[in-house]
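The values are calculated or read from the model by the stated rules, or taken from the named source; none is laboratory data. What you see is a predicted model; the values in this text were computed from it and never measured. Cβ atoms come from the backbone with ideal geometry, glycine included; neighbour counts cover every protein chain shown.
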Amino acid sequence: MKVPVFSLDAKPVEEIELPEVFDSEVRPDVIRRAVLAAQSARIQPWGPDPMAGKRTSAETWGKGFGVSRIRRVKGTKHPASGMGAFAPHAVGGRRAHPPRVEKNIAERINRKERRLAIRSAIAASKDKKLVAARGHAVATVSSLPLVVTDELESLKKTADIRATLTKLGLGKELERTSEGIRIRAGIGKMRGRRYKRAVGPLIVIAQDRGIKSGARNLPGVSVAKVNELNAEILAPGGVPGRLIVWTTSAIQKLAEGLYS
């Protein structure tokens with residue numbers, strides 16, 4: 001299968017043969033598994049102090065006092081005397097089933113499965129129905145996958161990158177991502193996750209010549225080297241079909257069997 005290569009003015013300059021990776025079978029189950037493995041690997045193990053709620057002199061009185069046999073603080077002349085302690089349902093008591101640091105949280109995935117997920121996510125990016133199902137505005141995009149000359153890697157200004165993407169038919173997509181910034185609902189807004197942002201197009205390059213510094217100010221736009229791709233970048237949230245802009249050199253590196 002051949003696709004056109006566009007210049008920065010969105011004019012086709014040549015045709016390029018797509019690598020075999022674009023003909024791979026789309027496996028949403030494997031993609032989801034790889035994304036969950038990547039997300040779980042970032043979780044930091046945590047747990048409370050093993051002695052939390054246990055630093056007390058509390059002992060049970062035993063039977064015969066007409067009170068419950070919960071452990072009670074020793075003493076007679078201070079306010080805490082006789083108060084229940086240590087038990088999970090007591091004030092200041094230990095937790096019943098706390099999270100433990102030694103628990104294995106990370107989901108393991110085989111190397112071949114991870115590579116299969118990458119190939120599958122790449123293949124899904126050429127299916128216009130899957131890309132539109134993710135919410136991307138692709139009605140004005142002439143062809144998928146969208147391949148651009150290597151001059152794209154040298155753009156350093158945000159305005160130039162925005163103008164180029166608009167000429168390529170991604171103007172509505174950029175509008176969608178810029179309007180998709182919203183405040184998160186829930187307690188997460190107080191924990192450094194205040195804003196939620198829409199996922200926009202991914203620009204895959206072979207070499208960074210300044211485009212990363214220029215594209216980082218475009219909401220939702222990501223830039224990644226072709227040899228650093230993973231399932232989470234290609235299919236955020238485990239949903240295949242991300243809108244991807246490839247450079248010619250990136251396609252050529254894929255043809256060398258990078259993820260075979």
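Assorted remarks:
- Members of region 200-234 that are in contact (Cβ under 8 Å) with a residue 40 or more places away in the chain and in a helix (DSSP H, G or I): 211, 213, 214, 215, 231, 232, 234
- Among (1) surrounded by 11 or more Cβ atoms within 10 Å (Cβ to Cβ); (2) under 38 Å from the mean Cα position of the chain (by Cα); (3) among the small types (Gly, Ala, Ser) - the single one residue 96 does not satisfy: (1)
- Each residue in region 71-116 was checked for being outside any loop (DSSP other than H, G, I, E, B) and free of Cβ contacts under 8 Å to residues at least 12 places away in the same chain, and 2 pass.
- Qualifying residue in region 200-214 (condition: farther than 24 Å from residue 39 by Cβ, crowded, with 20+ Cβ neighbours inside 10 Å and touching a helix residue (DSSP H, G or I) at 6+ places or on another chain (Cβ under 7 Å)): yes
- Residue match in region 106-123 (condition: over 24 Å from residue 25 (Cβ atoms) and within 17 Å of the chain's Cα centre (by Cα)): yes
- Identity of the residue in region 2-26, hydrophobic (A, V, I, L, M, F, W, C) and under 24 Å from residue 116 (Cβ atoms), that ends up nearest to the chain's Cα centre (by Cα): 26
- Identity of the residue in region 142-184, part of a helix (DSSP H, G or I) and among the small types (Gly, Ala, Ser), that ends up surrounded by the fewest Cβ atoms within 10 Å (Cβ to Cβ): 159
- Residues of region 237-257 satisfying the condition of being in a loop (DSSP other than H, G, I, E, B), at pLDDT 95 or above and farther than 14 Å from residue 118 by Cα: 243
- In region 93-109, the qualifying residues are those that are at pLDDT 95 or above and among the small types (Gly, Ala, Ser), and the one that is nearest to residue 56 (Cα to Cα) is 93.
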